[in-house]
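A short worksheet on the structure shown next.
The values are calculated or read from the model by the stated rules, or taken from the named source; none is laboratory data. From a predicted model like this one, the values you see are computed outputs, not experimental measurements. Here the Cβ is made from the backbone with ideal geometry for all residues, glycine too, and neighbour counts use every protein chain on show.
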Amino acid sequence: MDAALLEKYGGPVPRYTSYPTAPHFTAAVDADTYTEWLGDLPATAPLSVYVHIPFCDSLCWFCGCHMRVVRRHSTIRSYLDLLHGEATLVAEAAGPRRTVRHLHIGGGSPDILEPPDVESLVALLNCQFRFAADMEFAVEFDPRALERPSIAAWAAAGANRASIGVQDFDRRVQEAINREQTFACTAEAVAALRSAGIGAVNIDLMYGLPHQTVEGIRCTAMQVLKLAPDRVALFGYAHVPWMKPHQTLIPESALPDGVQRWAQFEAAAELLREAGYVSIGFDHFALPKDPLALAAADGRLRRNFQGYTIDASDALIGLGASAIGALPQGYVQNLGGFDGYRKAVRAGRLPVARGVALNGDDRERRRIIERLLCDARVDVAAEFNRLAEMEQDGIVEVHGSRISVTDRGRPFLRAVGAVFDRYLQDGVGRHSRAV
């Protein structure tokens, strides 16, 4: 990788899991707005539901999620009661028993729930929504504390895809991020999930972590390949201590620079490609017959708050503190503070903190950015000035209104997408490195 290109295009840009991005959400979109938007959804519109479980039993210092460490199970059960209340409010506004085609339980660590909690959570969701027979039901798991009764409960509830965090198996890296996790416990968790019937497995890796090396990440990738995951996400660590103060516990002097980060990514990516995985977008890999790879091949790949997805639902409903939802009219985000979330739900009000309503220009730019990040090409009505420079640098090729990202430019997909982001020029928000 050319160091000059990394310097020029590898700097901070959004990940574009939405457009406009979250820093541009405002309080102008509130609970009344959301209620109106839900009511305007067509009666037959399929939904996707994301449920945020913001609890862990320990803090990983690299974490950028909205979460808190809890010791008392009563806190978790109180939160589940609030989720029940919010789901009821959503169903009342949208109409009961709408069909759900995708369900994702994330966190935090959803496996912190005890088996009766799992049963009650899924039962309340199935009461307010109607699960499609072929619904994808994904759950994020932390293998360090995953026990067989928990796995059995999730399997009985219908979970069919597991997302497992690994990050890195190198002991020195793990100590630097406060997440000690052996390959043995991870392999045991994967085997137990598959044995219980949760057969589709995603594994998350990270590059750019403290003390990480090319040799170390290659070793981790080779160990992950032994687990034969269906998908691998290879995320760049986002060091954002101004947003997540606990990241100050990670020594910045131990973080690799841009050239080292790229070398780490390419080392792991090369092993995955050699093992037969298909490159998806800028940070995902999938087996050729996985639905994600098939969607990428025929132009059906999408992007939402969970990253690359095959989810084509008309609306994504976010449930839980800080959860974000996406509707045809715009985006909404729930209150992140537990006190505010609790007060809103108990008052019978949707716990919306902020959002953004989309106009025609937003929708067109969102389409362009999504297609670029999913397909590495897009048709546009007009050229933008910065594309000429990117074309000169070999990042893109422009033929009339058609833009194609080159192999050289694929690592910079987010930077190409940023050309079309009119909000980015406002200087609002700080973002992680593109590479």
Yes/no for residue 240 being in the same structural domain as residue 324 (by TED's automatic domain parsing), of a type in the set (A, V, I, L, M, F, W, C) and closer than 27 Å to residue 178 by Cβ: yes
Looking at the stretch 323-380, what strands (runs of 3 or more DSSP E) fall wholly within it and have at least 2 residues that are not charged (D, E, K, R)? 324-327, 330-334, 352-357
Has the stretch 128-147 got at least one residue that is touching a residue at least 12 places away in the same chain (Cβ under 8 Å), in a helix (DSSP H, G or I) and surrounded by fewer than 19 Cβ atoms within 10 Å (Cβ to Cβ)? no
Out of 391, 397, sole residue that is part of a helix (DSSP H, G or I) and modelled with pLDDT of 90 or more: 391
Tell me whether the stretch 153-167 contains one or more residues that are basic (Lys, Arg), in contact with a strand residue (DSSP E or B) (Cβ under 8 Å, 6 or more places away or on another chain), crowded, with 18+ Cβ neighbours inside 10 Å and farther than 18 Å from residue 268 by Cβ. yes
Does residue 95 meet the test of being closer than 17 Å to residue 323 by Cβ, in the same structural domain as residue 39 (by TED's automatic domain parsing) and not charged (D, E, K, R)? no
Identity of the residue in the stretch 148-173, among the polar types (S, T, N, Q) and not in a strand (DSSP E or B), that ends up nearest to residue 222 (Cα to Cα): 160
With the checklist (1) in contact with a Leu (Cβ under 9 Å, 6 or more places away or on another chain); (2) buried (at least 18 other Cβ atoms within 10 Å of the Cβ); (3) not in a loop (DSSP other than H, G, I, E, B) in hand, flag the one item residue 318 doesn't pass. (1)
Please work out which residue is surrounded by the most Cβ atoms within 10 Å (Cβ to Cβ), limiting yourself to the stretch 37-49 and to residues that are over 19 Å from residue 323 (Cβ atoms) and modelled with pLDDT of 95 or more. 40
Of the criteria (1) crowded, with 17+ Cβ neighbours inside 10 Å; (2) under 25 Å from residue 107 (Cβ atoms), which one residue 23 fails: (1)
